[in-house]
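Everything on this sheet refers to the single structure shown next.
A short reminder: the numbers here are calculations on the coordinates, not readings from a lab. Just so we're clear, the structure is a prediction, and the values are computed from it rather than from any experiment. As a convention, Cβ positions derive from the backbone with ideal geometry for all residues, glycine included, and neighbour counts pool all protein chains shown.
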2 protein chains.
Amino acid sequence: LVNPGDNIAKIIVDVVLKNGLEIKDGDILVVAHKIFSKIENRIVKIENVQPSERAKIFSKKTGKSPKFVEIILRETKRIIKANKEIFLVEDNRGLICINAGIDKSNIEGVNNYILLPENPDKSAEKLRFQIKEITGRTIGVIICDTYSRPFRRGQVNFAIGFSGLNAFRDYRGKKDLFEHTLRVKNVAIIDEISAASELLMGQGKEGTPVVLLRGLKQILENTKKANISDILISGKEDLFRNIL
Amino acid sequence: LVNPGDNIAKIIVDVVLKNGLEIKDGDILVVAHKIFSKIENRIVKIENVQPSERAKIFSKKTGKSPKFVEIILRETKRIIKANKEIFLVEDNRGLICINAGIDKSNIEGVNNYILLPENPDKSAEKLRFQIKEITGRTIGVIICDTYSRPFRRGQVNFAIGFSGLNAFRDYRGKKDLFEHTLRVKNVAIIDEISAASELLMGQGKEGTPVVLLRGLKQILENTKKANISDILISGKEDLFRNIL
């Protein structure tokens with residue numbers, strides 16, 4: 001359990017050592033976003049929130065409390081859909097997520113809600129630099145959250161910010177086993193790595209918010225400045241628009 | 001490279017041994033669907049296809065060749081969207097996928113297209129039983145494919161069929177770290193396992209269509225008859241309907 005202002009890099013390095021491991025060059029650390037939300041003090045006490053008129057309107061539309069709607073709206077750039085079943089927004093970071101990614105699981109106090117980190121890419125970068133400083137190792141960092149998705153039941157972990165690796169392994173223009181050129185394949189490895197890590201993290205009492213991955217060096221070529229906006233798709237570009 | 005009629009279970013067990021490993025109870029095998037499509041002879045020579053009148057209509061709408069549209073329609077239960085950018089269908093198995101999951105990467109011959117296995121759950125179950133027969137081990141099997149998804153760029157691997165495990169790790173009704181009851185969390189672990197495996201499989205010349213996972217025993221409780229329909233969501237239940 002972490003607290004506002006904690007040095008998460010030091011905590012992680014200590015825990016890695018305590019587990020008889022060490023951080024090596026090319027490792028990837030995947031961290032549940034709540035760790036950063038907590039150390040960055042992104043916690044809102046709902047009883048102190050004053051709902052705006054706009055929040056009251058969307059409270060009626062969604063059936064959610066005006067105070068909860070208010071904190072969602074403060075994190076929101078654009079409302080995509082608001083009804084009793086779903087309150088889907090594009091948040092201030094450009095992430096398309098239900099309730100602007102705000103919830104209250106694994107946070108102390110029944111009236112406390114936890115917001116996404118203000119700038120997950122920056123949080124990831126900071127952790128990466130701190131790990132470098134402490135250990136001398138060059139690693140990649142991914143911050144993840146749990147997402148519902150269209151067409152398929154249940155949730156999976158996806159990335160909301162990262163540093164030190166590319167978002168994709170891009171096969172476009174490369175050849176397959178039979179020398180055909182691949183035209184579409186552009187695999188979102190940061191999402192796949194996030195999903196893989198969730199298998200060890202869990203969502204309940206597991207208390208495992210950090211997963212260390214090793215052996216992916218060959219797929220990580222960080223040739224350019226990459227950030228989460230690489231993976232966020234605008235309405236105009238989204239093949240699936242006007243479908244559901 | 002496999003051929004129609006090959007005994008995939010025997011091939012996998014041999015390769016596992018050749019790699020100095022052995023299959024153990026509780027292991028999970030993730031297999032790229034193309035392996036099954038090939039051994040089940042789900043390959044269509046496009047030049048032999050006679051397009052129907054309906055295929056010609058949707059050929060105009062989508063800009064795809066009438067013959068390619070014809071093989072898509074034969075695999076399709078319901079057309080969701082057909083335009084120049086996307087041909088999205090609910091396929092005969094209930095999967096929502098672009099071009100009914102048909103493509104031609106990693107298949108020999110420029111005019112050959114590869115269909116999804118007829119019944120991926122059944123293919124997975126058969127492999128599981130065969131592995132049991134050969135090795136005496138009780139494992140889980142997942143068959144995966146690469147999916148585009150709304151809201152996010154790029155593709156990730158998801159499951160299209162499985163046997164011997166549950167689709168979900170369901171936290172609903174369970175407690176979090178602070179004894180709050182979780183209300184929504186129901187993690188699609190078969191999709192997360194599929195995504196994890198893709199990191200090793202790759203999409204190009206890697207030639208690694210099978211991944212063996214170990215250490216997930218604690219999250220696998222196969223208490224009921226599970227199949228891919230557990231994860232497929234009907235339009236009515238899909239929170240995201242009427243959104244994009």
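At-a-glance table
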quantity	calculated
Residue selected from the range A:179-193 under the condition surrounded by 24 or more Cβ atoms within 10 Å (Cβ to Cβ) and of a type in the set (A, V, I, L, M, F, W, C), by the criterion farthest from the other protein chains (Cβ to nearest Cβ)	A:190
Filtered residues of the range B:71-121 (kept if of a type in the set (Val, Ile, Thr) and not in a loop (DSSP other than H, G, I, E, B))	B:71, B:72, B:76, B:79, B:80, B:89, B:96, B:98, B:114
Qualifying positions in the range B:194-218 - over 17 Å from residue B:161 (Cα atoms) and either touching a His at 6+ places or on another chain (Cβ under 9 Å) or more than 7 Å from chain A (Cβ to nearest Cβ) (or both)	B:200, B:201, B:202, B:206, B:208, B:214, B:215, B:217, B:218
Residue match in the range B:114-121 (condition: over 21 Å from residue A:181 (Cβ atoms), touching a residue at least 60 places away in the same chain (Cβ under 8 Å) and among the polar types (S, T, N, Q))	no
Pair list, Cβ < 6 Å and 6+ apart or interchain, from the range B:76-101 residues that are within 15 Å of residue A:150 (Cβ to Cβ) to residues that are of a type in the set (Phe, Trp, Tyr) and crowded, with 19+ Cβ neighbours inside 10 Å	B:96/A:151
Among (1) touching a Cys at 6+ places or on another chain (Cβ under 8 Å); (2) in a helix (DSSP H, G or I), the one test that residue B:57 misses	(1)
Answer from A:64, A:38, A:24 - the residue that is basic (Lys, Arg) and not in a loop (DSSP other than H, G, I, E, B)	A:38
Scope the range A:198-210; condition in contact with an Asp or Glu (Cβ under 9 Å, 6 or more places away or on another chain) and either closer than 13 Å to residue A:143 by Cα or β-branched (Val, Ile, Thr) (or both); matching residues	A:198
